[in-house]
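> There's a structure below that I have some questions on.
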Amino acid sequence: MVSRRVGQFIEATGISYYAFENSIGASRGAISKAVKDEKSIGSNVLEKIITQYPQLNPNWLLTGFGDMLLPESELPTGVTTFRLKTDVTVESQKIPLYNLEAVAGIVPLFGSANTMKPDDFISVPHLPKCDGAVYVTGDSMRPILNSGDIVMYKILDDIKNSIFFGEMYLLGLDMGGDEYITVKYIHRSEETDHIKLVSENPKHQPKDVPMQSIRALALVKGSIRINSMF
């Protein structure tokens, strides 16, 4: 069943159904429901999936034969393969925890993380590979994230081509010459060369910002909340 293989691909890559549906322009719940109920997926939707994810092997998707991902030699020019979620989990790793006030923002942090001295290290078994962790401030992502929570992230160097729409990101934005640091969902924008930053807290309105204003970008891989210091 094609829908079952679509579900396997989503699970293997580690992205959410919401992000996947958003990336192909499908309505929320359309793909997750088709996978859950093992219903057929229209040819126009399958075409969008193959276009959006050129690493996905069309023969495997339609027939179940072959490997899920195409070998690098068969990828279109300019497309590089990505690792599956099962490839990137690490049994044990020490994730450096940084103080953003001490490092003066995530742009310098991402640019020279190897020389920055972390405040501490975090160890979470079987977490996907992370480059670092920072404390969250503000209430825009409540109740998922509260001020003081820790987010662990993976730095994305190719900003324009690395975004999975609908996922949560740590961003450094150039706002009139100053760096604005925020954690937000990134959605597609109706404006050309823009993205839409969306908060979990409904009191914070979505905001469209130019792609070129993104100075640093990292995918949020996980979070930690300390409920009591006693």
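> Of F20, F65, F121, which has the largest mean-square fluctuation in a 10 Å C-alpha GNM of the chain?
Checking each option, the largest mean-square fluctuation is seen for F65.
> Next question, about the same structure. May I ask you to give the solvent-accessible area per residue for the chain, in square angstrom, as obtained with a 1.4 angstrom probe?
58
> With a 1.4 Å probe and every protein chain kept in, tell me what percent of the accessible surface of the range 137-230 is carbon plus sulfur.
Using a 1.4 Å probe with all protein chains present, the range 137-230 comes out at 48 percent carbon and sulfur.
> By a straight-distance test (C-alpha under 13 Å), which aspartates and glutamates pair with K221 as possible cross-link partners, with residues fewer than eight away in the same chain excluded?
List returned: D131, E167.
> Further question: Given C-alpha coordinates of the range 116-230, what is the ratio Rg to Rh with the Kirkwood estimate of Rh?
That ratio is 0.97, to two decimals.
> Can you give the charge dipole size of the range 127-212 about its Cα centre, rounded to the nearest 20 debye, using +1 on the beta carbon of Lys and Arg and -1 on the beta carbon of Asp and Glu?
So the dipole magnitude of the range 127-212 works out to roughly 300 debye.
> Amide H to amide H, which residues 5 or more places from S223 or on other chains are under 5 Å from it, using H placed in the peptide plane?
M152
> Taking only the alpha-carbon positions of the range 1-64 and ignoring solvent, what does the Debye formula give for the base-10 log of I(q)/I(0) at q = 0.14, 0.15, 0.29 Å⁻¹?
Rounded to two decimals, the profile gives -0.32, -0.37, -1.74.
> Let me ask something else about it. Per residue of the range 40-50, what does 6.51 cos²θ - 1.76 cosθ + 1.60 with θ = phi - 60° give for ³J(HN,Hα)? Whole Hz please, x for Gly and Pro, Karplus curve as stated.
5, 10, x, 4, 5, 6, 4, 5, 5, 5, 5
> Give K129/K196; K94/K207; K33/K160; K117/K154 a once-over and call out the pairs whose C-alpha atoms are over 24 Å from each other.
K129/K196; K94/K207; K33/K160
> Same structure again: Can you give the local net charge around V209? Use residues other than it whose beta-carbon is closer than 12 angstrom to its beta-carbon, Lys and Arg +1, Asp and Glu -1.
That works out to 0.
The values are calculated or read from the model by the stated rules, or taken from the named source; none is laboratory data. Here the structure is a predicted model, which means the values were calculated and not measured. Because the Cβ atoms are built from the backbone with ideal geometry, glycine has one as well, and the counts that use them run over all protein chains shown. What goes into the accessible areas is simple: the full protein's heavy atoms, side chains included, and nothing from ligands, DNA or RNA. Shrake-Rupley method; radii C 1.70, N 1.55, O 1.52, S 1.80 Å.
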